[in-house]
């Protein structure tokens, strides 16, 4: 009899915890939506910094690489099923821009950074509104 009571009590506690965690998940989702928007804004800002630096003839490739790295880090905060494919393409272009900047290929890095910027503005941003 004690065993049955313990099992019933354990099931009741587990069910209660599931209901409570469901409410906390909704609160986290509401908070994270704002976090995603901030992450997207920061990503776009860093890409623009990298583009501005790469457009200069005497570009500081280290500064551009750092901005691209930061953009990739901020991009990790962008979530959502409706932006998944676009985010992957943007991240891939940022990775290619970073590799080109490491090789000293300024124009190629600029091309990939601009492609990533276009994806962020035309495909990800509209889906986040």
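Every number in this text was worked out from the coordinates using simple rules, so none of it is lab data. Everything numeric here is computed off the predicted structure, so don't read it as measured data. Cβ coordinates were reconstructed from backbone atoms using ideal geometry, including for glycine residues, and neighbour counts include every protein chain displayed.
Summary of values
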{"item": "Percent RCO, i.e. relative contact order, over the range 27-102, from Cα pairs under 8 Å lying at least 6 residues apart", "result": "34 percent"}
{"item": "The chain: relative contact order in percent, alpha carbon pairs under 8 Å with at least 6 residues between", "result": "25 percent"}
{"item": "Relative exposure of 1, 128, 90, judged by other C-beta atoms within 10 Å (fewest first)", "result": "1, 128, 90"}
{"item": "CD proxy at 222 nm, helix term only [per DSSP H run n ≥ 4: -39500 (n - 2.57); per residue of the chain; nearest 500]", "result": "-28500 deg cm²/dmol"}
{"item": "Neighbour-count ranking [beta-carbon atoms within 10 angstrom, fewest first] of 69, 112", "result": "69, 112"}
{"item": "Footprinting exposure proxy for 98, 111 (fewest neighbouring C-beta atoms within 10 Å first)", "result": "111, 98"}
{"item": "Per-pair calculated FRET efficiency, R0 = 25 Å: residue 55 and residue 123 via Cβ, rounded to 0.05", "result": "0.65"}
{"item": "Translational diffusion coefficient (Stokes-Einstein; Kirkwood radius from C-alpha pairs) of the chain at 25 °C, 0.890 mPa s, in µm²/s", "result": "147 µm²/s"}
{"item": "Highest-fluctuation residue, 109, 59, 14 considered, GNM on the chain with Cα pairs under 10 Å", "result": "14"}
{"item": "Estimated distance in nm for a label pair at residue 2 and residue 62, the labels positioned 7 Å out from Cα along Cα-to-Cβ", "result": "7.0 nm"}
{"item": "Computed over the range 69-129: relative contact order in percent, which uses C-alpha pairs under 8 Å that are six or more apart", "result": "37 percent"}
{"item": "Rounded FRET efficiency, nearest 0.05, which uses the C-beta distance separating residue 33 from residue 108 and R0 of 35 Å", "result": "0.50"}
{"item": "Cα-based helix-to-principal-axis angle, 61-75 vs the chain, degrees rounded to 10", "result": "20 degrees"}
